[in-house]
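Below: one structure, written as structure tokens.
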Amino acid sequence: MAKVTDIVLWDKPGEKVLLLGNHAIARGALEANIAVYAAYPGTPSSELTDTMAAVAEKAGVYMEYSTNEKVAFETALSAAWSGLRAMTAMKHVGLNVAADTFMSAVGMGVEGGFVIMVADDPSMWSSQNEQDTRVYGKFANVPVLEPSDPHEAKEMVKYAFDLSEKFKHFVILRTTTRSSHARGDVVLGELPEDIKQARRKFGKFKKDPTRFVDIPAHSRRFHPQILEKIEKIREELNNCPFNWIEGKEDAKVGIIAPGLSYAYVKEALAWLGVDDVKVLKLGTPFPVPYGLLEKFMDGLEKVLIVEELEPVVEEQVKTWAYDKGLRIPIHGKDLVPRVYEMTTRRAVTAIAKFLGIGTPINFAEIDEKYEKVSRIVPPRPPSLCPACPHRNSFFAIRKAAGPKAIFPSDIGCYTLGVLPPLKTVDTTVAMGASIGVAHGLSIATNGSLAEKEHKSGKEKQIIVATIGDSTFYHTGLPALANAIYNRSNVLIVVLDNLVTAMTGDQPNPGTGQTPHGMGRRIPIEDVAKAMGADFVAVVDPYDIKATYETVKKALQVEGVSVVVSRQVCALYKIGQMRRRGEKWPIYHVIEDKCTGCKICINAYGCPAIYWDSETKKAKVDPSMCWGCGGCVQVCPFDAFEPMKEEGE
Amino acid sequence: MREYNIVITGVGGQGILTAANLLGWAALHAGHKVRVGEVHGMSQRFGSVIAYVRFGENVYGAMVPEGKADVILSFEPVEALRYINYLKKGGLVFTNARPIPPVQVSMGLATYPTLDEMKKIVEEDFGGKFMAFDAEKLALEAGNIVTTNVVLIGALSQTPGFPLSEEEIKEVIRISVPPKTIDVNMKAFELGVKAAKEMLRL
Ligand code: SF4
Ligand code: SF4
């Protein structure tokens, strides 16, 4: 089991390796001779971006962590306009951010191949909503390829680049959490010479304002052209190697399985022991190739479409069938749930119902017994790490702002501040929205300082927004400009832990680090000052008292205050220390001093501190303590101290 | 082989993904078609974590279906119970015996079931076998607490019907861990093997 970044660059065609879906896609991009890659990290797409960052230099690829998905999209798009093969990746909600450029530029097309990888998150394992990118594909008339396993994902990337170049059109490669984060056996292909020799490729942009300037006179041409292209692509996909018909040729019943659903359908059929069905495996849920569909439907008496989330394929199939005058039952969302992710159980249940047979095991019985179990299993939601600087920031903010304050927050690890005991997150909506919401709440409850009538001083509703460093650059900036310009009365605390922690420690403008070396660092406080914030300060949240006092002071100021709470991410720091073989102090509770007040647990909540119900004292789990000393500052009875002996 | 399913559970940060990946590579080296499903992102922050390792002809998706796990390998006792709906009838639960009480328990908002209660549920309601042992203690004995996952994998290799050989797994561990730690890891593996042999005889 070699290092993934080595495997992705292995010049060993034919070798079988175990790769994560996202790693396989990175390999596919390299096999396709990609030149430019730009993205903003977002689970479940992040590993693709990180792998590209790790291999960029060695493969002669330009790679950047952009500040948001729209900017990343524009970087890659311009490279594709310049004749290079380019790619961007994002999670489903990231496409909402990039959508403005995506929808407007689709008619301009590309010169070099342009692949947009979008990772959906059905069941919302780490996302704020559930959305189906295939609908975007249909909306924009952009073909969507969807792999059913990691090897296919790798192969699809190459096909996607070819397809994009052939039609000078965008192509979406859509994955889901279960394909991006599944490992499977992958057979390595050839790497092109450019990649092997780390040759950086440069492009040329040929000016053509009638194509690249979307004034109405020009863009009026685009829409009919797009529609024409997508129908040509529909034709082309009849011969797409990722679409095929399998199973019994003269079967009377058929199942259509797009993308990863194919995997679940195959398993379900094996489990049910059913083999007299015909299966249409679809690697291209949009557009559905009608030629292949016609061949598949021939002789069938009923059909089931097993697809995750929206009825994208179902609607195309039904429309086609209606136009053809085909009158057979076509099932889909009546038997397959429209929300949450596909599972083998769901596929089995739907197919069993469709065929009028029983399921191999009694799922209802398992559910019933599990119901009893779930009542006695204590919940274990994720929590802020031990030594996490955000815990201290929240603790200080809560104490300084008081219980009546409103706390809009944002997307990142720190969203976990919503959980007890911290409870310092009242709203999260989308990246960067904390500042926009804080401004809106301030306008609604306090009025603007620019208005004749507004509330201030003791009267004002206290609003403290929290936002991470990466999120601040992502979409916090325009919102901050808006709040300062329109004179609201809010405090914005930027939780600057010097990495994009939630997605895996990627750098951002606040760190200045890029995959190619040092870029230029842009300190958050400088931005806030330059924009004209009424109060700007930087604190170290490991000093809880100083943080509390700074927040108190900022709250006295009328207008927009920005406090940068800066301390490096604990998980990141401990990881680095472990790698270097360094030790850190481990804290413990002096039993005699502990009064059992539980403040460390009920107000602070470091996961390394637990309650010993026998001695009725707090205790520290030494394997979890990361040595920040926060507990020392929180305990009113001085019960915490570092242990004499240092250890890991 | 048609299909073999392992569910690995525990608390974020315990090395569950590493264990799943090791087993996946071992299965790949043994010539199987492999799928490993894992959780990323926020859930890894000390939350409950589940990973799946599956191999065999009938395996396509990366998730083990409910009622189909041959083994649940758990790094923390209550986490085995949380995912007990994956266990097949006659399946085996192998767990590290050291509880990590969730914050909710410390705050007095929830209680933590005893090992006996867990055993009863697994055996009586789900028709499985439940075995708990202190893998952390054995890891410390081997020389480093971070080898707890290797102790557990060693134990897993002894379960009846387990399709991968000890040597196949050990080979992957040898080429995966930092060279300096090979001995510690091998020792941890052996201690796991020994513990399982004793338990399974009972
Ligand atoms: S805050 Fe101090 S005295 Fe109170 S329970 Fe925690 S350790 Fe004991
Ligand atoms: S126990 Fe104390 S020193 Fe250790 S991580 Fe928690 S707050 Fe920091």
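Points worth noting:
- Restricted to strands (runs of 3 or more DSSP E) entirely inside region A:42-160, those with at least 2 residues that are free of Cβ contacts under 8 Å to residues at least 60 places away in the same chain are A:86-91, A:114-120.
- Members of region A:629-643 found to be at positive phi and within 8 Å of ligand 2 (Cβ to nearest atom), listed by number: A:GLY629
- Residue in region B:194-201 that is at pLDDT 95 or above and either within 19 Å of B:VAL78 (Cβ to Cβ) or of a type outside the set (A, V, I, L, M, F, W, C) (or both) present: yes
- Residue in region A:410-423 that is among the small types (Gly, Ala, Ser), buried (at least 20 other Cβ atoms within 10 Å of the Cβ), within 14 Å of chain B (Cβ to nearest Cβ) and within 20 Å of A:GLU69 (Cα to Cα) present: yes
- Of all residues in region A:212-260, exactly one satisfies the criterion of being open to solvent by 60 Å² or more (accessible area, probe 1.4 Å), more than 26 Å from A:SER82 (Cα to Cα) and among the polar types (S, T, N, Q), namely A:ASN239.
- Checklist (1) within 14 Å of ligand 2 (Cβ to nearest atom); (2) modelled with pLDDT under 95; (3) more than 13 Å from chain B (Cβ to nearest Cβ) applied to A:GLU582, failing item: (1)
- Members of region B:38-53 that are more than 8 Å from chain A (Cβ to nearest Cβ) and surrounded by fewer than 24 Cβ atoms within 10 Å (Cβ to Cβ): B:ILE50
- Selection of region A:592-648 for residues being touching a Ser or Thr at 6+ places or on another chain (Cβ under 8 Å) and surrounded by 16 or more Cβ atoms within 10 Å (Cβ to Cβ) yields A:ILE601, A:GLY605, A:PRO607, A:ILE609, A:TYR610, A:TRP611, A:ALA639.
- Some residue of region A:636-643 being under 29 Å from B:GLU136 (Cβ atoms), away from ligand 1 (no atom under 14 Å from the Cβ) and modelled with pLDDT under 95: yes
- Qualifying residue in region B:90-111 (condition: open to solvent by 30 Å² or more (accessible area, probe 1.4 Å), under 18 Å from B:THR9 (Cα atoms) and either among the hydroxyl-bearing types (Ser, Thr, Tyr) or assigned to a strand (DSSP E or B) (or both)): no
- Residue match in region B:171-185 (condition: open to solvent by less than 40 Å² (accessible area, probe 1.4 Å), aliphatic (A, V, I, L, M) and closer than 29 Å to B:ARG2 by Cβ): yes
- Unmet criterion (only one of (1) more than 16 Å from ligand 2 (Cβ to nearest atom); (2) open to solvent by less than 10 Å² (accessible area, probe 1.4 Å); (3) in contact with a Ser or Thr (Cβ under 8 Å, 6 or more places away or on another chain)) for A:VAL373: (3)
- Here B:THR159 passes the criteria (1) open to solvent by less than 20 Å² (accessible area, probe 1.4 Å); (2) outside any loop (DSSP other than H, G, I, E, B) except the one numbered (2).
- Whichever residue in region A:78-93 is in contact with a helix residue (DSSP H, G or I) (Cβ under 6 Å, 6 or more places away or on another chain) and closer than 13 Å to A:ALA38 by Cα and, among such residues, is surrounded by the most Cβ atoms within 10 Å (Cβ to Cβ): A:MET87
- When residues of region A:601-627 are limited to those that are near ligand 2 (Cβ under 10 Å from one of its atoms), out of contact with any Lys or Arg (no Cβ under 9 Å at 6 or more places or on another chain) and among the hydrophobic types (A, V, I, L, M, F, W, C), the one farthest from B:ILE100 (Cα to Cα): A:CYS625
- Some residue of region A:328-346 being of a type in the set (Asp, Glu), open to solvent by 30 Å² or more (accessible area, probe 1.4 Å) and part of a loop (DSSP other than H, G, I, E, B): yes
- Restricting attention to region A:9-23 and to residues that are part of a helix (DSSP H, G or I) and more than 22 Å from A:ALA80 (Cβ to Cβ), the residue that is nearest to the other protein chains (Cβ to nearest Cβ) turns out to be A:GLY21.
- In region A:551-573, the residues that are in a loop (DSSP other than H, G, I, E, B), within 16 Å of ligand 2 (Cβ to nearest atom) and either surrounded by fewer than 20 Cβ atoms within 10 Å (Cβ to Cβ) or hydrophobic (A, V, I, L, M, F, W, C) (or both): A:VAL568, A:CYS569
- A:SER565 falls short on exactly one of the conditions (1) farther than 30 Å from A:ASN482 by Cα; (2) touching a Ser or Thr at 6+ places or on another chain (Cβ under 9 Å), and that condition is (1).
- Screening region A:334-389 for residues that are in contact with a Cys (Cβ under 8 Å, 6 or more places away or on another chain) and more than 10 Å from every other protein chain (Cβ to nearest Cβ) and picking the one that is farthest from B:LEU87 (Cα to Cα) gives A:PRO389.
- Condition broken by A:SER127, with the remaining ones in (1) at pLDDT 95 or above; (2) touching a Lys or Arg at 6+ places or on another chain (Cβ under 7 Å) satisfied: (1)
- Selection from region A:263-320 of residues that are part of a loop (DSSP other than H, G, I, E, B) and open to solvent by 20 Å² or more (accessible area, probe 1.4 Å): A:GLY273, A:VAL274, A:ASP275, A:ASP276, A:ASP298, A:GLY299, A:GLU301, A:GLU310
- If you filter region A:574-589 down to residues that are without any contact (Cβ under 8 Å) to a residue 60 or more places away in the chain and surrounded by 14 or more Cβ atoms within 10 Å (Cβ to Cβ), you find that the one that is farthest from the chain's Cα centre (by Cα) is A:VAL589.
- Search result, residues across region A:24-40 that are under 13 Å from A:GLU64 (Cβ atoms) and either modelled with pLDDT under 95 or among the polar types (S, T, N, Q) (or both): none
- Any hit, region A:501-517, residues being away from ligand 1 (no atom under 16 Å from the Cβ), more than 30 Å from B:VAL177 (Cα to Cα), free of Cβ contacts under 8 Å to residues at least 24 places away in the same chain and not in a loop (DSSP other than H, G, I, E, B): no
- Reported count of residues in region A:594-630, each being within 7 Å of ligand 1 (Cβ to nearest atom) and not in a strand (DSSP E or B), is 8.
Here's the yes/no breakdown for (1) in contact with a helix residue (DSSP H, G or I) (Cβ under 7 Å, 6 or more places away or on another chain); (2) within 7 Å of another protein chain (Cβ to nearest Cβ); (3) open to solvent by less than 10 Å² (accessible area, probe 1.4 Å):
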site	(1), (2), (3)
B:GLY10	yes, no, yes
B:GLY31	no, no, no
B:VAL36	yes, yes, yes
B:PHE55	yes, no, yes
B:PHE75	yes, no, yes
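The values are calculated or read from the model by the stated rules, or taken from the named source; none is laboratory data. This one's a predicted model, so the numbers in the text were calculated from it and none came from an experiment. For neighbour counting, all protein chains shown are included, and Cβ atoms are generated from backbone atoms with ideal geometry for every residue, glycine included. Calculation scope for accessible area: heavy atoms of the full protein, side chains included, ligands and nucleic acids excluded. Shrake-Rupley method; radii C 1.70, N 1.55, O 1.52, S 1.80 Å.
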